[in-house]
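Participant: Here it is: the structure, laid out below.
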Amino acid sequence: MAYRNLVVLTGAGISAESGVPTFRASDGLWMGHRIEDVATPEAFARDPTQVQDFYNQRRRQLASVVPNAAHIALAELAAHCQGEFLLVTQNVDDLHDRAHAAVTPAPGFDLIHMHGELLKARCTVSGAVCDWPGDLTVGEPSPHHPRGTLRPHIVWFGEIPLQMERIEAALSACDLFLSIGTSGAVWPAAGFVEIARAAGAQTVEFDLAPTSGSHRFDLGLYGPATQTLPPYLETLRP
Ligand code: APR
């Protein structure tokens, strides 16, 4: 298929086959925790040790996972794409980054982690972001401000996702939108398909099974992303 402006949204499902657990379990818990205990600014204010421990564990887990065929297929497309290709991930793991490090992306390619990154930390006073590959301790002094400490560079519930203006501009100009491995339970990402549709884009959902928002997509390709995505992306290669 010929396209000029591609936007791809990924969620936890693309990393599932690498061994990173998805979020929404049938018991209503979020990775075994209540959301309000680990993923809100209020939780961090109330019990910073519990919140830092939760993200320290998830950060450590990255050492034991590697990108899978779906991450790699997107990276290969990024190396060969013509026009614009914006990859927006809700995932805070670094599996897209590692897959993309193995190729030279085309000039029109960019990657946005709209919910932040596990391997970065943020100054509580200045908002400056730095690489942080190891554990974060409560009250870790910020290198960016004398009164600042470091928190995980994670967008918690109740906070605004990163680079939204840029993402919305790309969606409004895209002619193809792919949504991969996301349940559509969390906004604003769940609404991206509507912005793309309003722009006249073709929209395709990849998931294990149709999601609650599947009726908004022109096409659904269902099954494990490592099997459905690579052959589809092959058809987009120039
Ligand atoms: N291939 C394709 N899809 C898969 C696979 C797979 N191998 N495994 C699971 N999925 C699908 C599930 O069917 C589900 O629809 O991935 C989706 C994962 O959904 P969620 O766990 O809700 O994750 P996500 O949509 O990324 O969550 C969005 O919510 O909790 C917040 O900030 C967190 O970024 C996260 C956001």
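The values are calculated or read from the model by the stated rules, or taken from the named source; none is laboratory data. Quantities reported herein were computed from a predicted structural model and do not represent experimental measurements. Backbone-built Cβ (ideal geometry, glycine too); neighbour counts: all protein chains shown. Calculation scope for accessible area: heavy atoms of the full protein, side chains included, ligands and nucleic acids excluded. Shrake-Rupley method; radii C 1.70, N 1.55, O 1.52, S 1.80 Å.
Participant: Averaged per residue, what accessible area in Å² does the stretch 1-148 show with a 1.4 Å probe, protein chains only?
Facilitator: 46 Å²
Participant: At GLU42 and ARG4, where each label point lies 7 Å from the Cα along Cα→Cβ, what is the point-to-point distance in nanometres?
Facilitator: So the label points at GLU42 and ARG4 sit 4.7 nm apart.
Participant: GLU159 to GLN82: extension gain in nm, 0.36 nm per residue of separation minus the Cα-Cα distance?
Facilitator: Taking 0.36 nm per residue and subtracting the Cα distance, the gain is 24.3 nm.
Participant: Write down the accessible area per residue of the stretch 155-238 in Å², having rolled a 1.4 Å probe over the full set of protein chains. Intermediate values should be presented prior to the final figure.
Facilitator: Numbers: 3990 Å² over 84 residues.
Normalised by residue count, the accessible surface of the stretch 155-238 is 47 Å².
Participant: Could you report the accessible area of ARG34 in Å², rounded to 10, computed with a 1.4 Å probe on the protein chains as they sit in the structure?
Facilitator: That residue has around 120 Å² of solvent-accessible surface.
Participant: Based solely on C-alpha atoms, express the radius of gyration and the Dmax of the chain in angstrom.
Facilitator: Cα only, the chain: 17.9, 53 Å (Rg, Dmax).
Participant: In the chain, what percent of the accessible surface is made up of carbon and sulfur (1.4 Å probe, ligands and nucleic acids excluded)?
Facilitator: In the chain, the share of accessible area belonging to carbon and sulfur is 54 percent.
Participant: What is the extension gain from SER212 to ARG166, computed as 0.36 nm multiplied by their sequence separation minus the C-alpha to C-alpha distance, in nm to one decimal? All intermediate terms of the calculation are to be shown ahead of the outcome.
Facilitator: On the way: separation 46, 0.36 × 46 = 16.56 nm, distance 2.64 nm.
Gain in length upon complete extension: 13.9 nm.
Participant: Using the beta-carbon distance between GLN50 and GLN227 and R0 = 45 Å, what value does 1/(1 + (r/R0)^6) give for FRET efficiency, to the nearest 0.05?
Facilitator: Efficiency computed from Cβ-Cβ geometry: 0.75.
Participant: Then there's this: For ASP97 and CYS130, compute 0.36 nm times the residue count separating them, minus their Cα-Cα distance, and round to one decimal in nm.
Facilitator: Contour length minus Cα-Cα distance gives 10.3 nm.
Participant: Here's a follow-up. Under 5 Å between amide hydrogens, which residues at least 5 positions from GLY116 or on another chain qualify, with H placed 1.01 Å from N in the peptide plane?
Facilitator: VAL155, LEU162
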